[in-house]
Amino acid sequence: MALYLLYESASGYALLEAHGLDEIGQNTEAVRSSVADLNRFGKVVKLVAFSPFESALDALNQCNSVSEGLMTDELRNFLELNLPKVKDGKKPKFSLGLAEPKIGSHIFEETKIPCQSNEFVLELLRGVRLHFDRFIKDLKQGDLEKAQLGLGHSYSRAKVKFNVNRVDNMVIQAIFLLDTLDKDINSFSMRVREWYSWHFPELVKIVNDNYLYAKVAKFIEERSKLSDDKIPGLTDIIGDEDKAKEIVEAAKASMGQELSPIDLINVQQFAQRVMDLSEYRKKLYDYLVTKMNDIAPNLASLIGEVVGARLISHAGSLTNLAKCPSSTLQILGAEKALFRALKTKGNTPKYGLIFHSSFIGRASARNKGRMARYLANKCSIASRIDCFSESGTTAFGEKLREQVEERLDFYDKGVAPRKNIDVMKAAMESTQNKDVEMESEEVPSEVQTKKSKKKKSKSAAEDDETMAEPVTNGEAPEEPKSEKKKKKKEKRKSENELEEGAADGKSDGTNGVDADQDGTTKKKKKSKAEDGEDLQAASDMKKKKKKKSKSGDE
């Protein structure tokens, strides 16, 4: 059976055929000895086909597919084109040797080409890798090394690339640096206290804070020059006028030794360095808080930024923390105590890093273990929400914190807490309401601008109409158009009715009294119309018409 070798290089796919395997007898040691000699190896392995990659991006895509054990369309076409054809219903008389068993299984599933990956094939591929530049004639010296270097760099960058705003590695480095700074600032502050105490030993008992001590030491410099004039400056630093006066009084009767100007300069410089480190520590803490609110907002709102960052750094990443069960998260950081307890068959620890949370400290001594287990459960939920949710929100963390508070009240006072399913439903509703509010705030702003523009245009048109209307005899301008039209229609109706009544009077000339009455009624109605009572006149005319019709019939 013929053996073909698939070699994935940085410049393209190569297919090679192995000859004379019966002479070697598929002995791994014999192949290993013949690999170094190109003359012997060249007689065994010969190049069949070579398919170069089109670009560096194509090479990266092919490399990613091979590493994941997937066969691309380019690789499939290359194999089907260059391997011997297999008739339907017959077994192939060749096999394909590969370095990766994963891609071999995928090739066999898709194309039914038999694949193998063993020590013998790996030794043959090692020889191909060693002499590959001799098999390809068009490759220049150094081309293959450049292709390997570029592909290696791009492959590494693609694997490391994540969302920039949610890189938990920054939190891990920040919390490590914060812990280191705390230790360094503490040791440096003790050194400043010890150093300056040779000159002013009474200051240690008056000022307890390390940062304030370094600030005061830099401000005082030489104690013999300290007078009442510097009390306002000391008050600004310490914040207490009584302490400032106490420092001045202690400096006058101090038992410390005198220091030379050079020694004082060194003390001042070192105190300044300690102050700078303390200020940098504050900035680093603010940076850690902002990063935790971006990466794990629910965990930060539940247990605090520092404890949450310590949990993430100890687990290795937020994903690893999300994969941990709550029982593991509970004792995270107490591994030594756990294995010592397992070895000596003693009591296992109840809590690890979550002991630094305020909830554990607030619980009573007998409820600390229960509280730690419950808090670990909620931290596990919060870390999973932060890890796998696309949008960052603190709604779940706040609700989980409320649950922990309720559990504390339950242990202390016996107040029954809410069920977890009800709290989660409330959190989901709040997040949905926030999303709806955000969308509604965006849409109405555009609608309001359009409406305001329309209103402005309408008001401008109405103003123009009112300005165009003439004002006669000092009277006010006329009413809106709708009211004008109504009045015009009423006037027209009254006039038409008056004309009809006059025509009826002329036709009924037999009764002269009625005609006179009609004339008088016409005059009256005209005066009423002039007075503005058209509707009443119209109703009177209708009644009189009825009377006339009755008299005519008689």
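Computed from the coordinates by the stated procedures, all read-outs in this text should not be read as laboratory data. Note that this is a predicted model, so its numbers are computed, not measured. Note that we place each Cβ from the backbone using ideal geometry, even for glycine, and neighbour counts take in every protein chain shown.
A few remarks follow.
- In a fully extended conformation the segment linking R191 and S224 would gain 9.7 nm over its present Cα-Cα distance, using 0.36 nm per residue.
- Label-point separation in nm, K93 to D179, each point 7 Å along Cα→Cβ: 6.7 nm
- Computed 3J(HN,Hα) for the range 211-217, one whole-Hz value per residue from the Karplus formula 6.51 cos²θ - 1.76 cosθ + 1.60 where θ = phi - 60°, is 5, 5, 5, 5, 5, 5, 4, glycine and proline marked x.
- Values of log10 I(q)/I(0), in the order q = 0.09, 0.17 Å⁻¹, for the range 1-128 under a Debye, Cα-only, solvent-free model: -0.26, -0.91
- Taking 0.36 nm per residue of separation and subtracting the current Cα-Cα distance, fully stretching the chain between T431 and H131 would add 101.8 nm.
- Amide hydrogen proximity for Y13: with H placed 1.01 Å from N in the peptide plane, the residues at 5 or more positions away or on another chain lying under 5 Å are S51, F53.
- Here the Karplus curve 6.51 cos²θ - 1.76 cosθ + 1.60, taken at θ = phi - 60°, turns the phi angles of the range 181-194 into couplings of 5, 4, 5, 5, 5, 5, 5, 5, 5, 5, 5, 5, 4, 5 Hz, with x standing for Gly and Pro.
- For the range 262-336: Kirkwood Rh in Å [reciprocal of mean 1/r, alpha carbons]: 14.7 Å
- Inter-site label distance for M438 and R32 at 7 Å from Cα along Cβ, in nm: 6.1 nm
- Rounded to whole Hz, the Karplus (6.51, -1.76, 1.60) HN-Hα couplings of the range 420-431, x for glycine and proline: 5, 5, 5, 5, 5, 5, 5, 5, 5, 5, 5, 5
- Amide H contacts under 5 Å for C115: L96, restricted to partners 5 or more places along the chain or on a different chain, H placed in the peptide plane at 1.01 Å from N.
- Computed lengthening from D409 to R157, 0.36 nm per intervening residue step minus Cα-Cα distance: 85.7 nm
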